[in-house]
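This report refers to the structure that appears directly beneath it.
The values are calculated or read from the model by the stated rules, or taken from the named source; none is laboratory data. Given the structure is predicted, the values throughout are model-derived calculations rather than measurements. All Cβ positions, even for glycine, are placed from backbone atoms using ideal geometry, and neighbour counts span all protein chains on display. The area values use the complete protein model at the heavy-atom level, side chains included, leaving out ligands, DNA and RNA. Shrake-Rupley method; radii C 1.70, N 1.55, O 1.52, S 1.80 Å.
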Amino acid sequence: MDALDVARWQFGVTTVYHFLFVPLTIGLSVLVAVLQTMWLRTGNERYLKLTKFYGKLFLINFAMGIVTGIVQEFQFGMNWSDYSRFVGDIFGAPLAIEALLAFFLESTFLGLWIFGWDRLPKRVHLACIWAAAIGSTVSAYFILAANSWMQNPVGYRINPDSGRAELTDFVAVLTNKVALITFPHTIFGCFLVAGSLIVAVALWHLIRRPDNPDTGTYRFAARFGAVVTLVATAGVLVTGDIQSKIMTEVQPMKMAAAEGLYDTESPASFSVLTVGSLDGSRELFALKIPYLLSWLSTGDVNGEVHGINDLQAQYAAQYGPGSYTPIIPVTYWSFRLMIGFGLAAAAIAAWTLWAHRRGRTPASKWLLRAGLVMPVLPLAANCFGWIFTEMGRQPWIVFGEMLTRDGVSRSVSLAEVLTSFAAFTLVYAILAVVEVRLLVRYARHGLPDTTPSEPDPTEHDDEDKPLAFAY
């Protein structure tokens, strides 16, 4: 083990941990805005209660996401300085816009929303949460545009004197075909997570507290979250199909590794289960669905899909001697776990809607157990999706231009990386406990009381009141 191995582990752990908060933040911001809009249009207190209730869970998650996201910035300069030097001219523009425009928009208007209850006009207050939600979504686009450039570099040239990538077409970076499909795929994944959390919390109160006076509100929340989850699942499947075709075009090795396809096939079958040799060079056993891989990869049931061995020979001739094959078991199983966990969450959502048929209130303990694990399923699907995306690109850190081993900081020792890795892991473990305890505590507390309190006749000056959260 050397500094490169530990640096990769550290970046993988911190990135996946940070991404636990991102989809819930993006998805909940929009859904809370939708609920508040419903309250403003109808005046129904049910929607106000849900806005404040899930808004509090959103704020807890948002704060944790900010803290963990900052660490990502440090690692580029600390462990990956050669990579930062290579891509700095490309990444500078989208990441600067993300920080100065999108994040500023998100954080500023979220602050106004938090402290603006009963202080801002209702429509202005609603506009604040919508601005924050739009900021979160726009922020995701610029980050995904930067990441997509690593998958499919466009709009650049290599400076022969400095050896750095230099930006030549910013519009090409923003309209990268990988970014254009990765963005909606990721956003639908965010709604899948947020919808699942709404369902889980509502089911817990419905089944554990059947005599709750807010039962009708929780029933609506469960149905609302289930519909969002099912619609998001459909969106993930459609965009994922398009994404697989683009991935086959720009990164054929990633698709071959995802399927454990060692030899080029036409037509190609989708692998339900493949067992390969220990060295990852050949297939020993496979259970397959005929023609499906050709359709997923090319849109033609008889389309040709290149295999791992043929692509390895092609890349060795093009880029020089070495292995250009990712870790097959990681890419193969992360791809399947991503799909499996997402579909499992959709199945629980469908079960939830079935349990509410004809005005019924669900009471099944099995549905409760399924509901409690439901938010974890799409979170796991999102994480495995990113593991597949990044690990499937290996050994490239920028596909076709820079190997991962060439991007690590040369001046950082193994001991230094180990120290920071241990420190970050410990801090993140503590933050995980804090996050889960806060979410569980406020989720179990239930819906807030939105009944206006009688004014205190002893209070005359509104300016003397302490500034507080709306909850």
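Please identify the GluC sites (Glu not before Pro) of the range 1-107 that satisfy two criteria: DSSP loop assignment and at most 10 other Cβ atoms within 10 Å. Which are they?
none
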Label-point gap, in nm, between Phe115 and Met1 - each point 7 angstrom along Cα→Cβ: 4.6
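Once you list every other residue whose beta carbon is under 15 Å from the beta carbon of Leu438, what net charge do they have if Lys and Arg are +1 and Asp and Glu are -1? Show your work: numbers first, answer last.
Numbers: positive: Lys56, Arg437, Arg441, Arg444; negative: Glu435.
Charge balance in the 15 Å sphere: +3.
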Cβ crowding within 10 Å averaged over residues, with 418-427, 158-167, 197-206 ranked highest first: 197-206, 418-427, 158-167
Cα centroid separation - the range 1-25 against the range 286-359, whole Å: 23
Spin-label pair Tyr291/Val124, simplified geometry with 7 Å Cα→Cβ offset, distance in nm: 6.2
For the chain, the Rg and Dmax computed from alpha carbons only, in angstrom: 24.3, 84
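Among 236-245, 249-258, 336-345, how do they line up by average Cβ neighbours within 10 Å per residue, starting with the highest?
On the way: 236-245: 18.2, 249-258: 23.5, 336-345: 19.9.
The densest-packed peptide leads the list: 249-258, 336-345, 236-245.
Among 384-390, 115-121, what's the highest-first ranking by average C-beta atoms within 10 angstrom per residue? Please report the intermediate quantities before stating the final value.
Values: 384-390: 22.1, 115-121: 13.4.
Top to bottom by mean Cβ count within 10 Å: 384-390, 115-121.
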MRE, 222 nm, helices only [DSSP H, n ≥ 4, -39500 (n - 2.57), over the chain, to nearest 500]: -23000 deg cm²/dmol
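Per the 1.4 Å probe, what fraction of the accessible area of the chain, in percent, lies on carbon and sulfur atoms? The partial results should precede the final answer.
Details: 14410 of 22200 Å².
Solvent-exposed carbon and sulfur of the chain make up 65 percent of the total.
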Å² of accessible area per residue within the chain, as computed with a 1.4 Å probe and no ligands counted: 47
Pairwise centroid distance, computed over Cα atoms, of the range 195-266 with the range 117-145, Å: 24
Glu401 paired with Val272, simple spin-label distance in nm, labels 7 Å along Cα-to-beta-carbon: 4.2
Residue (of Gln75, Gly135, Leu95) at the positive-pole extreme of the range 34-160, dipole from beta-carbon charges: Gly135
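Viscosity 1.002 mPa s, temperature 20 °C: Stokes-Einstein D of the range 73-229 from its Kirkwood Cα radius, in µm² per second? Write out the running numbers ahead of the final one.
Working: Rh = 18.7 Å.
The Stokes-Einstein estimate is 115 µm²/s.
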Positive-pole candidate from Ala256, Val171, Gly225, dipole of the range 160-281, charges at beta carbon: Gly225
Charge dipole magnitude, Cβ of K and R +1, D and E -1 - the chain, Cα centre, debye nearest 20: 1800
Nearest-20 debye value, the range 22-163 charge dipole, Cβ charges on Lys, Arg, Asp, Glu: 820
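Full-extension gain between Gln314 and Ala96, please, as 0.36 nm times their residue separation minus the C-alpha to C-alpha distance.
Details: separation 218, 0.36 × 218 = 78.48 nm, distance 3.73 nm.
Result: 74.8 nm gained on full extension.
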